[in-house]
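The next block holds one structure in the form of structure tokens; read it before the comments.
The values are calculated or read from the model by the stated rules, or taken from the named source; none is laboratory data. Treat the numbers as computed from the prediction; the structure is a model and nothing was measured. Positions of Cβ are backbone-derived with ideal geometry, glycine not excepted, and every protein chain shown enters the neighbour counts. Just so you know, the surface numbers come from the protein's heavy atoms only, side chains and all, with ligands and any DNA or RNA stripped out. Shrake-Rupley method; radii C 1.70, N 1.55, O 1.52, S 1.80 Å.
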Amino acid sequence: MKIALAQLNPTVGDFKGNTARILEYAKRAGEAGAELAVFPELAIPGYPPQDLLEDDNFLAHCQRSLDTIAQATAQPGMPAILCGTALESATRPGKRARNIAALCYDGKVQFIQQKMLLPFYDVFDEQRYFQPAESQSLVEFRGEVLAITICEDAWNDKDFWPERFYANDPVERLLDGSLPDGRKPTHMLNISASPYWEGKQQVRRSMIGAIAKRHGVPAAMSAQVGGNDSLLFDGASFVVNREGEAVAVAKSFEEDLLLFDTTLSHPQTVTPVVDGVEAAWQALAMGIRDYVRKCGFSKVLIGLSGGIDSAVVAALAVDAVGKQNVMGIGMPSEYSSSGSVDDALALANNLGIQCEIMAIRETFNAMDKALEPVFTGTPFGLAEENMQARIRGTLLMSVSNKFGHLVLTTGNKSEMSVGYCTLYGDMVGALAVIGDVWKTKVYQLAHYANREREVIPQNTITKPPSAELRPDQKDTDSLPPYEVLDPILQAYVERYESAEEIVTSQGVDRERVEQVLRLVERSEYKRQQAAPVLKVTAKSFGTGRRFPLAARIRQQL
């Protein structure tokens, strides 16, 4: 049997558009000779739908769209369709919705498999919405016995994971089971919406490969692709043979239709894995592109400081939406060096984007004068530094309001971790593009941007980083060097290591570690008011990392 894995980029709540894409790809699969087209988890409503699942009308749309898709399978040349959706729960009491995979052919929904394991960690909150399946079963289709699983159902293999979140393993039950006539499953199909983070592709493939090899059953994963808010989905759908070896792999970070023949066990279509800096670049560009498009915008606006962060964001934006849709604004103050202005203009010229210069000195002086009755007799300090950032934020949002451009923020993960950013200033905007990228990784992205020609000026890369809010300011005036700071932050923010563990493993002075950790905790209020962050690491700021504001942590732990 020929099967097509159709990795789509759905928009949450766009039932008409998502259904049309499913039918379009199913038709293409049929024309290519496929008997079954397999679509990702929740492909009909889009993933993740979040509290939309609390709306009965939303679930009704899910049902109507599924009926439309099922009826289309009666048309000549259309293959069977296996796709994910949410439906009203069949049991009460319990949650109102269920996460299901529906097998449709001959004009009807012929089989439904309900998801059993509902993730509740990191960015996932499925136990809030869905009723878990009490049981699952195999299904016979065109002479094959299929074990149909939904994403997390395959992520609890006791022989693969050193620690597990669930007591039961649905995959083990299905693959060790049989039909009433004693026939065992011949293939496992997993429909998935698995968010990207660096290294995730290899984890998925190794995990599914281990399952296939242990049970001697070929397996395939049809994965979602695209960006939905903070979450990025890399696609890279794949097939492994009974030895756990990849025999077919789809493209990364773009829609694709991957066909494979179940009778063949040798490699058929294997696209090279995209990883490392290249994967991070493609993920972030895709995230910008989809956020802009799905939110109904076309053009973006970026404050260009001449520094490396805004340069990388601008280069990513051009890759994502095209140079004609990117506008930069340089907003120098009396503390900005002439080199920074020159670097911003050179970047704009290299990228071919529009760039306007709006000096803020007069605006700052007017604000300073307005505050004179209150500020008289006090030294220049943090308030005056932040005023400059807030003037820039006001200018950006004013241009955004006037012309409908979407503002991209330029702060990196290191700055967001320690609060080296200004609320209502450089934090204004709709999307934090590199908010999950450590400063040291930003430099890697800059070099990647320059892999073929100089896009980001060399001076931007080599000069010491500075906010330029006071004379001769350097980031190292307030923070440890980033090559020291980032490993401390990675250990604390992403792996939850204690100060003692960090001191021991990194050999860093304990006082410095404690200082950094205090900065992280004191800055939580800023992060909770930040723009959505594109997630590219295993632990990003946002819904996957939740901490209280009014808490005393360092004093107690």
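Need the full-extension length gain, VAL273 to SER298, defined as separation in residues times 0.36 nm minus the C-alpha distance. One decimal, nm. Can you show the working numbers first?
Working: separation 25, 0.36 × 25 = 9.00 nm, distance 3.02 nm.
Stretched out fully, the VAL273 to SER298 stretch lengthens by 6.0 nm.
Over the chain, with the other protein chains present, what is the accessible area per residue in square angstrom, probe 1.4 angstrom? Let's see the in-between values first.
Details: 23390 Å² over 557 residues.
Solvent-accessible surface per residue comes out at 42 Å².
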For region 407-486 and region 362-404, distance of Cα centres in Å: 22
Share, in percent, of DSSP beta bridges within the chain that are antiparallel, nearest 5: 50
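Calculate what fraction, in whole %, of the accessible area of region 41-112 sits on carbon and sulfur atoms when a 1.4 Å probe is rolled over the protein chains.
On the way: 1370 of 2970 Å².
That share works out to 46 percent.
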Residues in region 143-164 that a label on ALA538 would reach, taking backbone N under 12 Å of a point 7 Å out along Cα→Cβ: 162-163
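Counting only protein heavy atoms, what percent of the accessible surface of region 151-218 is carbon or sulfur at a 1.4 Å probe?
Working: 1540 of 2880 Å².
Ligands and nucleic acids excluded, carbon and sulfur give 53 percent.
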Mean-position separation - Cα centroids, region 135-207 and region 252-322, in angstrom: 28
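Can you give the Rg to Rh ratio for region 162-286, taking only C-alpha atoms and Rh from Kirkwood?
Working: Rg = 15.5 Å, Rh = 15.5 Å.
The Rg/Rh ratio comes out at 1.00.
Among 301-313, 505-517, what's the highest-first ranking by average C-beta atoms within 10 angstrom per residue? Spell out each step's value before the answer.
Details: 301-313: 26.2, 505-517: 15.0.
Ranking the peptides 301-313, 505-517 by packing returns 301-313, 505-517.
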Region 1-97 - Debye-derived log10 I(q)/I(0), Cα point model, q = 0.22 Å⁻¹: -1.04
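When the chain is fully extended, how far beyond the present Cα-Cα distance does GLU255 get from LEU549, taking 0.36 nm per residue of separation? Write out the running numbers ahead of the final one.
Working: separation 294, 0.36 × 294 = 105.84 nm, distance 4.01 nm.
Length difference between fully extended and current span is 101.8 nm.
How much length, in nm to one decimal, is gained on full extension between SER337 and SER135, taken as 0.36 nm per residue of separation minus their Cα-Cα distance? Spell out each step's value before the answer.
Working: separation 202, 0.36 × 202 = 72.72 nm, distance 6.63 nm.
Here the segment from SER337 to SER135 would lengthen by 66.1 nm.
By average Cβ neighbour count within 10 Å, what is the ranking of 113-122, 186-195 from highest down? Don't jump to the answer; show the numbers that get you there.
Numbers: 113-122: 19.9, 186-195: 24.6.
In decreasing order of mean packing, 113-122, 186-195 become 186-195, 113-122.
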Residue-averaged 222 nm ellipticity for the chain, from DSSP H runs of 4+ at -39500 (n - 2.57), nearest 500: -10500 deg cm²/dmol
THR394-MET1 pseudo-label distance in nm [points 7 Å out on the Cα-to-Cβ vector]: 6.5
Cα principal axis extents for the chain, largest first, Å: 89, 51, 47
Cross-link pairs LYS299/LYS535; LYS213/LYS441; LYS200/LYS474; LYS27/LYS323; LYS402/LYS441 - those with Cα-Cα distance over 30 Å: LYS213/LYS441; LYS200/LYS474; LYS27/LYS323; LYS402/LYS441
Prolate/oblate/rounded call for region 488-557, Cα gyration tensor, a/c under 1.5 rounded: oblate
Acute angle (nearest 10 degrees) that the helix 510-522 long axis makes with the longest principal axis of the chain, alpha-carbon atoms: 80
Peptides ranked, highest mean first, by Cβ atoms within 10 Å: ranges 422-431, 531-540, 206-215: 531-540, 422-431, 206-215
